[in-house]
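Throughout, read-outs are computed from the coordinates displayed, never taken from laboratory work. Small disclaimer: the values here were computed from a predicted structure and weren't measured. Backbone-built Cβ (ideal geometry, glycine too); neighbour counts: all protein chains shown.
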Amino acid sequence: MNTLVEGKPKEKLPLGGIGPKILISICPFFVLFGILNSIFYPIFQIPITYYWMVIIGCILIALGIYVFIYSERILSSALGSSELITIKTYAYVRNPMYASWGLGILPGIFCLFNSWILFLILVIYYLLVRIFLGKEESYLLDNYGEKYTHYKKNVNAFFPKLKKYKRE
């Protein structure tokens, strides 16, 4: 179903947003870095006791999953609403679900593999998010105009701010 904005038909964003595009685009890097890691493992091993890497990894994964599910529930509860979501996790970061993957879940998984080369995938993930995010941001700008511009100016897209966003 399309909506009309200034007399022209406007596409709605897919339910998964840009997530599927990011997943498909990053898969070759997982394969490449996984092969490199398995061939040259001792070289890429992080010099920390594996016990601590498991603890750190599990904490990061748990926090990332929690933030992802919490943010998804906020988003799904507001589905169909005409208001811009700027509360709870969205008051600290504009894209908490993408941030939960890039700052929690993926680093946690890479800790479990105990390989620093896998952490380079995070740079690629961040770049892919920034590249694909333009479509979501233009959609939000078209639909919410000045509200979204103000929100975008005060809240980071990926790295959370410690200061909570307050509407005007």
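Explain nothing, just compute: Karplus ³J(HN,Hα) = 6.51 cos²θ - 1.76 cosθ + 1.60, θ = phi - 60°, for every residue of the range 96-113 in order, whole Hz, x for Gly and Pro.
For the range 96-113, the Karplus curve yields x, 6, 5, 5, 5, 6, x, 10, x, 5, 5, x, x, 5, 5, 5, 5, 7 Hz.
Please name whichever of Thr89, Ile124, Ser76 sits farthest to the positive end of the charge dipole of the chain, dipole taken about the Cα centre and charges placed at Cβ: Lys and Arg +1, Asp and Glu -1.
Result: Thr89.
With a point put 7 Å past each Cα toward its Cβ, work out how far Leu63 is from Lys152 in nm, to one decimal.
Placing both labels 7 Å beyond Cα along the Cβ direction yields 2.9 nm.
Can you work out the Karplus-derived ³J(HN,Hα) for every residue in the range 145-157? Use 6.51 cos²θ - 1.76 cosθ + 1.60 with θ = phi - 60°, whole Hz, and x for glycine or proline.
Karplus values, whole Hz, x for Gly and Pro: x, 5, 4, 5, 4, 5, 4, 5, 5, 9, 10, 5, 6.
Return, for the Cα atoms of the range 50-117, the radius of gyration and Dmax in Å, separated by a comma.
14.4, 48
So who's got an amide H within less than 5 Å of the one on Ile18, skipping anything under 5 residues away but keeping other chains? H placed 1.01 Å off N, in plane.
Under 5 Å from the amide H of Ile18 lies no amide H from a residue far enough along the sequence or on another chain.
Cα-Cα pairs above 29 Å in the chain: how many percent? Don't skip to the end; give the middle numbers.
On the way: 4009 of 14028 pairs.
Beyond 29 Å sits 29 percent of the P(r) for the chain.
Under 5 Å between amide H atoms, partner at least 5 residues away or on a different chain: which partners does Ser115 have, H built in plane at 1.01 Å?
Ile46
Using each residue's phi in the range 32-39, evaluate 6.51 cos²θ - 1.76 cosθ + 1.60 at θ = phi - 60° and report the 3J(HN,Hα) Karplus result to the nearest Hz, with x for Gly and Pro.
4, 5, x, 5, 4, 5, 6, 6
Mean residue ellipticity at 222 nm from the helices of the chain, using -39,500 (n - 2.57) per DSSP H segment of n ≥ 4 over the full residue count, to the nearest 500 deg cm²/dmol?
Numbers: 7 runs with 100 residues, N = 168.
Computed mean residue ellipticity for the chain: -19500 deg cm²/dmol.
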